[in-house]
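Engineer: There's a structure below that I have some questions on.
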Amino acid sequence: MPNTILVGAQWGDEGKGKIIDVLTGDADIVVRSQGGNNAGHTVIHGGKKYILHLIPSGILRRGKVCVIGNGVVIDPLALVAEIDGLRGLGVSIGRNLMISDCAHLVLPYHRVLDEQRELRKGRAKIGTTKRGIGPAYGDKAARTGLRISDLVQPELFSKKLQAKMRENNSILKALGAKPLDFPQVNEAYLSAGDALRPFVANTVVYLHRALQKGKAILFEGAQGTFLDIDHGTYPYVTSSNTTAGGACTGSGVPPHRMDRVVGVMKAYTTRVGEGALPTEDAQLANMLHEMGREFGATTGRARRCGWFDAVATRYATMINGIDEIAITNLDGLDTVDPIRVCVGYRLDGERLEVPPSDAAQLEHCRPIYREFPGWKTSTQQTKKFAQLPSAAKRYVATIAELTGAKLKIVSVGPTRTETIFV
Ligand code: GDP
Ligand code: IMO
Ligand code: MG
């Protein structure tokens, strides 16, 4: 398998975890290069449900090495809990996990600051996952963050942590929040540092050596294109580059070593948190929620739902250089008739083919829809593209064509076997 970047082409939760698990069969190494435990990637295998937050979704396959790259922000307590949780489910974690010594830390004051900032924004809140992601990346950009390399050097870490906590406790007090207790935090994080030390390495060197040996690397994007700090619906975004470029900067693997980009997209659209969602549709959301679908894997929040937005996915193809498309959750539309697809936006009487950069303008965009007849039959048992109902075939072929990339995978259920290769 060529070196592959997998990205979410919508607003996150596209089913990246499931597709990564499928593609990992042909890869040697799976790398996370951005985001943190705001991500929640679901893999269902062997009758068990695994939700991965920081650890790449390739961890469930034996013989694969999973790398948490330099671009990820790591909450050490959350990572230790995730390792323990997976081990409890029978997943072996040892030499198959590596953590970059350059990855930045999410510390307790980042989480409190995230919460406090959201609270103070009131109705203008972003709707973050409250995992401290924004404040941690903020410290990284301000060059005041602590990294994994600090965490595994106890004396140095305690000294740096104490200084950071002094500063952040005065900010917390000014915000009316309770200051945090240094000895308590220090002890908990040193102990997490001890647990993580065996996994820590210079992952850039590891990945380059692997490339020299001809190993195939799969880059597991977190979040989605429209949550990208630069290209997303700012300010209703996350704090990292969720688009294809993030795989290079967040891992140290250069662009010319990347061979293909796979864009994962749901057969409809979902979003958690605030911000524009032009094709949002309450009826579709009700239907999906009643089926028990579309509840957040990280926060449990009900996801907002809408029709497939080809304006958005076309733009995602442009930014990420998507070569191949994986469409997931086609079965979610099995009972829907008619099915709508957004093919353009209308803003102030004008037709737009690309999303406006301004969040307020995007709020005012009205979708222009094309309607498709539903297939009104279950697709979940389908193994071959030719066996899909003809209305379903026409639907996926058209959304791929509108998106502007090659259709490669159609997913009709959450497990590995419910996958059609086109
Ligand atoms: P991710 O963050 O992109 O990995 O996506 P999430 O795991 O947050 O959300 C995707 C949800 O859809 C999870 O509950 C998956 O188990 C589920 N899923 C993925 N693909 C399919 C599919 O083709 N059909 C069905 N029914 N569920 C799917
Ligand atoms: P995966 O990898 C969906 C959203 C939050 C919020 C915004 C900012 O599972 O697709 P943050 O906590 O990052 O500061 O929140 O981004 N968000 C996600 N939405 N899937 C995710 O990850 C997300 N990670 C963050 O809901 O709107
Ligand atoms: Mg998710």
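Engineer: With respect to Lys64, determine if the residue is open to solvent by 20 Å² or more (accessible area, probe 1.4 Å), more than 23 Å from Gly273 (Cα to Cα) and either in contact with a strand residue (DSSP E or B) (Cβ under 9 Å, 6 or more places away or on another chain) or within 16 Å of ligand 3 (Cβ to nearest atom) (or both). Outline the logic, then answer.
Structural biologist: Details: open to solvent by 20 Å² or more (accessible area, probe 1.4 Å): yes; more than 23 Å from Gly273 (Cα to Cα): yes; either in contact with a strand residue (DSSP E or B) (Cβ under 9 Å, 6 or more places away or on another chain) or within 16 Å of ligand 3 (Cβ to nearest atom) (or both): yes.
Yes: the conditions hold for Lys64.
Engineer: Quick check on my filter: what residues within the range 45-77 are in a strand (DSSP E or B) and in contact (Cβ under 8 Å) with a residue 24 or more places away in the chain?
Structural biologist: Scanning the range 45-77 gives His45, Lys48, Tyr50, Ile51, Leu52, Val65, Cys66, Val67, Ile68, Val73, Ile74.
Engineer: Out of the range 221-234, which residues are closer than 16 Å to Val272 by Cβ and away from ligand 3 (no atom under 16 Å from the Cβ)?
Structural biologist: Thr233
Engineer: For the range 268-289: of the residues being within 16 Å of ligand 2 (Cβ to nearest atom) and small (Gly, Ala, Ser), which is modelled with the lowest pLDDT?
Structural biologist: For the range 268-289, the residue satisfying everything is Gly273.
Engineer: On to the next question. Need the failing condition index for Ser100 against (1) open to solvent by 40 Å² or more (accessible area, probe 1.4 Å); (2) within 19 Å of Ala222 (Cα to Cα), just the number.
Structural biologist: With (1) open to solvent by 40 Å² or more (accessible area, probe 1.4 Å); (2) within 19 Å of Ala222 (Cα to Cα) applied to Ser100, the lone miss is (1).
Engineer: Across the range 20-54, which residue is surrounded by the most Cβ atoms within 10 Å (Cβ to Cβ) among those that are among the aliphatic types (A, V, I, L, M) and more than 14 Å from ligand 3 (Cβ to nearest atom)?
Structural biologist: Per the stated criteria, the residue is Val31.
Engineer: Out of the residues in the range 271-286 meeting the condition of being within 25 Å of Val43 (Cβ to Cβ) and not in a strand (DSSP E or B), tell me which one is nearest to ligand 3 (Cβ to nearest atom).
Structural biologist: The extreme case among them is Val272.
Engineer: May I ask you to verify whether Val272 is open to solvent by less than 30 Å² (accessible area, probe 1.4 Å), in contact with a Gly (Cβ under 8 Å, 6 or more places away or on another chain) and either away from ligand 1 (no atom under 16 Å from the Cβ) or of a type in the set (Val, Ile, Thr) (or both)?
Structural biologist: Criteria not met by Val272.
Engineer: With the checklist (1) away from ligand 3 (no atom under 16 Å from the Cβ); (2) under 22 Å from Ser191 (Cα atoms); (3) in contact (Cβ under 8 Å) with a residue 40 or more places away in the chain; (4) open to solvent by 10 Å² or more (accessible area, probe 1.4 Å) in hand, flag the one item Ser92 doesn't pass.
Structural biologist: Of (1) away from ligand 3 (no atom under 16 Å from the Cβ); (2) under 22 Å from Ser191 (Cα atoms); (3) in contact (Cβ under 8 Å) with a residue 40 or more places away in the chain; (4) open to solvent by 10 Å² or more (accessible area, probe 1.4 Å), only one is false for Ser92: (3).
Engineer: Oh, and also: From the list Ile420, Ile339, which one is surrounded by 15 or more Cβ atoms within 10 Å (Cβ to Cβ), in contact with a Lys or Arg (Cβ under 7 Å, 6 or more places away or on another chain) and either farther than 23 Å from Thr279 by Cα or in contact (Cβ under 8 Å) with a residue 12 or more places away in the chain (or both)?
Structural biologist: Ile420
Engineer: State whether one or more residues within the range 67-78 are more than 30 Å from Thr144 (Cα to Cα) and either within 16 Å of ligand 3 (Cβ to nearest atom) or not hydrophobic (A, V, I, L, M, F, W, C) (or both).
Structural biologist: No, the range 67-78 contains no residue that is more than 30 Å from Thr144 (Cα to Cα) and either within 16 Å of ligand 3 (Cβ to nearest atom) or not hydrophobic (A, V, I, L, M, F, W, C) (or both).
Engineer: Next up: Which of the residues that make up the range 161-198 are open to solvent by 60 Å² or more (accessible area, probe 1.4 Å) and either closer than 23 Å to Ile68 by Cα or outside the structural domain of Glu118 (by TED's automatic domain parsing) (or both)?
Structural biologist: Answer for the range 161-198, where residues must be open to solvent by 60 Å² or more (accessible area, probe 1.4 Å) and either closer than 23 Å to Ile68 by Cα or outside the structural domain of Glu118 (by TED's automatic domain parsing) (or both): Ser191, Asp194, Arg197, Pro198.
Engineer: If you scan the range 320-344, which residues turn out to be in a loop (DSSP other than H, G, I, E, B) and in contact with a helix residue (DSSP H, G or I) (Cβ under 8 Å, 6 or more places away or on another chain)? Reasoning before the result, please.
Structural biologist: We begin by selecting, within the range 320-344, every residue in a loop (DSSP other than H, G, I, E, B); these are 321-323, 329, 334-338.
Hits for the range 320-344 are Ile322, Thr335, Val336.
Engineer: Here's another thing I want to ask about it. Inspect the range 6-16 for any residue being open to solvent by 10 Å² or more (accessible area, probe 1.4 Å) and away from ligand 3 (no atom under 16 Å from the Cβ) and give the result as yes or no.
Structural biologist: No - not one qualifying residue is present in the range 6-16.
Engineer: Kindly indicate the residue of the range 290-319 that is in a helix (DSSP H, G or I) and among the charged types (D, E, K, R) and also modelled with the lowest pLDDT among those meeting that condition. Lay out the reasoning, then the answer.
Structural biologist: Taking the range 290-319 as the starting set, the residues that turn out to be in a helix (DSSP H, G or I) are 290, 310-319.
The next check asks that each one be among the charged types (D, E, K, R); those that pass are 290, 314.
On the way: Glu290: 94, Arg314: 98.
Residue satisfying both the conditions and the ranking: Glu290.
Engineer: Let me ask something else. For the range 6-32, which positions are away from ligand 2 (no atom under 12 Å from the Cβ) and either under 23 Å from Pro76 (Cβ atoms) or outside the structural domain of Ala244 (by TED's automatic domain parsing) (or both)?
Structural biologist: Within the range 6-32, Ile29, Val30, Val31 meet the criteria.
The values are calculated or read from the model by the stated rules, or taken from the named source; none is laboratory data. The structure presented is a predicted model; accordingly, all values stated were derived computationally and were not measured. Virtual Cβ from ideal backbone geometry, glycine too; neighbours counted across all protein chains shown. What goes into the accessible areas is simple: the full protein's heavy atoms, side chains included, and nothing from ligands, DNA or RNA. Shrake-Rupley method; radii C 1.70, N 1.55, O 1.52, S 1.80 Å.
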